[in-house]
Amino acid sequence: METKNTVLDIENLSVEFHVDGEIAKSVTDVTIKLHEGTTLGLVGETGAGKTTTALAALNLIQCPPGVIKADKIEVCGNDMLHAKQHELEKIRGKDISMIFQDPMTSLNPVFDVGTQIQESILLHEKLSREEAWEKAMQMLELVGIPRERGHEYPHQFSGGMKQRVVIAISLACTPKVLIADEPTTALDVTIQAQVLEMMKELRDKYGTAMIMITHDLGIVAESCDYVAVMYAGRIIEYGTLDEIFNNTRHPYTEGLFNSLPNIHNRVGKLKPIPGMMPDPRSIPEGCAFADRCPYATDECRRTLPETLKVNDDHVVACLRYNEPDFMIERSRKNG
Amino acid sequence: MWRYIVKRILMLIPVVIGASLLVFCVMNLSKGDVVSVITAGADMTNEQIEAVREAMGLNRPLLVRYGEYLFGMLRGDFGKSAISNEPVLKLFFTRFPATVKLAIASSIVNIVLSIPLGIFSARHQGSVADNAAMVFALMGLSMPAFWLGLMLMVLFCVNLQWLPATGGGTDFKSIILPAVTMGIGMMATTTRTTRSAMLDVLRQDYLRTARAKGVPEKKVINLHALKNAMIPILTTVGTQLAKAFGGGAVIEMVFAYPGVGKLLLDAINNRDTTLACGCIVLQTTITVVVLLIVDILYAFVDPRVKAQYAKGGKKK
């Protein structure tokens, strides 16, 4: 694992939004390292800071109101944090690109889809317009859309087709890092599988490193090598897919698994995690999950948990592991 | 699409009938008629004046006169001016090129000033610069054209002596002041429209997609965003252009500019019903045609509108 190149390196990233005198802490102290050809699943409920983390990697957060602080944000060795605007423009779309959540609004309605793919190619590769168009058409075919439809406009495509176009745009220059922000949330289930399959094929073909942002643990199980669980702006558990799924440590991660419908127990009710995620404008000083956590103690509410090492492939941020015998229910069952 | 165009042109008929009838009625209601203008100061008895009226057919009922006028118009005969005895069409179209020139020149001033200003304001929403730009734009609307025209004249013609004071000349210089005066008047609306349309577009996800592709910021704004904001901008600029084709009477008066606005104004002052009515009908027609062209342009700016036109055509 260490021999592979690090293509995305984020250290201690914090993102705040200053609006009307209030500070919303969207992301706090997030560290992500991504190696060539690996896929990281970024999991968490809505508002956990997943998308903000991704946008910060591209330095695409609007400042103001956003404020980005980090020790390091590097994409293929390029410093994204201190790069000038024109340098950023060269990195975005070429070394790192992003698939956005909502395909319905991610495409520009007044340009045909071919032009939108071609634009990316023209920006980053030294090709003539004709060559770039030809490559754009190849990309379109790669995502399963006949090239004859290249001159059509976004409104003439269905949601799934639009998402394929968005994927074609982001893959047009074979980026080293691809961030997929809930690429299948807006799609219906039949299309979801197709899109995921296609992304996996493309990853294997080009060796692209991927961050898969999702709240669907099924997708994570199917396509990721590593998993980072985010809660209220922090990564609270991080490890290999196997470790997170079979050696779950954090009570929140356990809650996520418990709230999945169980195919073997159809009569049983779903067990949602009670309560709501704290408001990013008033994150408690202790563990942000304490109020919803069945294992929480008074200590949890007061002290911010440090990141503890479970083993070489697994870290967790939970105070209770300072107690030698502590074990969440899920691991007890599995163990 | 063709069905749509034909439909719009057919809709011109009631508009023209309504406009001409209105002018006819209003001219009839107003004090005095063309005869009293012609004979003013002449040494004539009331009987003689009445005889002139009789000879010109002005004693007949309003509806009869209007019917006659309408019938002539349908055959393309707009009648003759009661004052100069020249055909209305000839009078109108000798003046019209000057009006077109002024309308286009002022629209260029309008576009060149408002669109960059509107984009700038939208990008710096809420800032001091945004507010300043909005105040500046509003000033353009609040200043009466005759006052602004006179002030510009004082500055550029009298004090600096850079430009001619009248707009009648054929050289480029003579059109600058009338065009700037008119363009500044148009600017307020266009700037505000551009600003609000851009504000709406700047929030859209597809701009983020463009930025994520590495599109340079300038191109994100001036191509990706502006093209999406184009429909409301086009509507405003088009409406103002159409209005300008009708001639800006006030500006034409101030700069002694030989356009159709002044022609219409003179016709009204002289109670020259045939000429006034002809001017209004022709201006209305031109306005409707310009607005139609703007509507057709929508289709080129936004493919979704084109699809709508095509669908509308198929349905019928």
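Quick note: the coordinates plus some simple rules give every number you see, no bench work behind them. Treat the numbers as computed from the prediction; the structure is a model and nothing was measured. Here the Cβ is made from the backbone with ideal geometry for all residues, glycine too, and neighbour counts use every protein chain on show.
Debye-formula intensities of region A:186-291, expressed as log10 I(q)/I(0) at q = 0.11, 0.13, 0.20, 0.25 Å⁻¹, are -0.45, -0.62, -1.20, -1.40 (one equal scatterer per alpha-carbon, no solvent).
Straight distance only, please: which lysines reach the Cα of B:LYS243 with their own Cα at less than 16 Å, same-chain residues fewer than 8 apart left out? Answer for B:LYS243, where 16 Å is the Cα cut-off: B:LYS101, B:LYS262, listed by chain and number. Calculated FRET efficiency, B:ILE104 to B:SER84, Cβ-Cβ distance, R0 = 22 Å: about 0.20 to the nearest 0.05. DSSP bridge analysis restricted to region A:6-224 gives an antiparallel fraction near 55%, rounded to the nearest 5.
Note on A:LEU260 and B:LYS306: with the Förster distance fixed at 45 Å, the Cβ-Cβ geometry gives a FRET efficiency of about 0.45.
Sorted from longest to shortest, the spans of the Cα atoms of chain A along the three principal axes equal 66, 49, 45 Å. What the Cβ-Cβ distance of B:VAL64 and B:CYS157 gives, at R0 = 45 Å and to the nearest 0.05, is a FRET efficiency of 0.35. Straightening the chain between A:MET104 and A:LYS72 buys 8.2 nm, computed as 0.36 nm per residue apart minus the Cα-Cα spacing.
Here the simple spin-label model places points 7 Å from the Cα toward Cβ, and for B:ALA42 and B:ILE17 these points are separated by 3.7 nm. Report note on the peptides A:117-123, A:45-51: ranked by the mean count of other C-beta atoms within 10 Å, highest first, their order is A:117-123, A:45-51. Taken as entire DSSP H runs, the helices of chain B that both span 20 Å or more between Cα atoms along their own long axis and average 1.6 or more on the Kyte-Doolittle scale are B:12-29, B:273-301. Taking a Cβ cut-off of under 13 Å around B:MET198, the surrounding Lys, Arg, Asp and Glu residues balance to a net charge of +3, with basic ones at +1 and acidic ones at -1. With one equal scatterer per alpha carbon and no solvent term, the Debye-computed log10 I(q)/I(0) for chain B at 0.08, 0.12 1/Å reads -0.50, -0.96. A straight Cα-to-Cα reach below 15 Å connects A:LYS126 with the aspartates and glutamates A:GLU134, residues fewer than 8 places away in its own chain not being considered. Taking 7 Å steps out from each Cα toward its Cβ at B:MET139 and B:VAL6 produces label points 5.3 nm apart.
Converting phi to 3J(HN,Hα) with the Karplus coefficients 6.51, -1.76 and 1.60 and the offset θ = phi - 60°, region A:163-175 yields 5, 5, 5, 4, 5, 4, 4, 6, 9, 3, 9, 6, x Hz in sequence order, with x at every glycine or proline.
Distance from the Cα centroid of region B:40-91 to that of region B:126-200 is 41 Å (rounded to whole angstrom).
What does a probe at A:GLU285 reach in region A:304-326, counting residues whose amide N is under 20 Å from the point 7 Å along Cα→Cβ? Hits in region A:304-326 for A:GLU285 at 20 Å: A:304-307, A:318-320.
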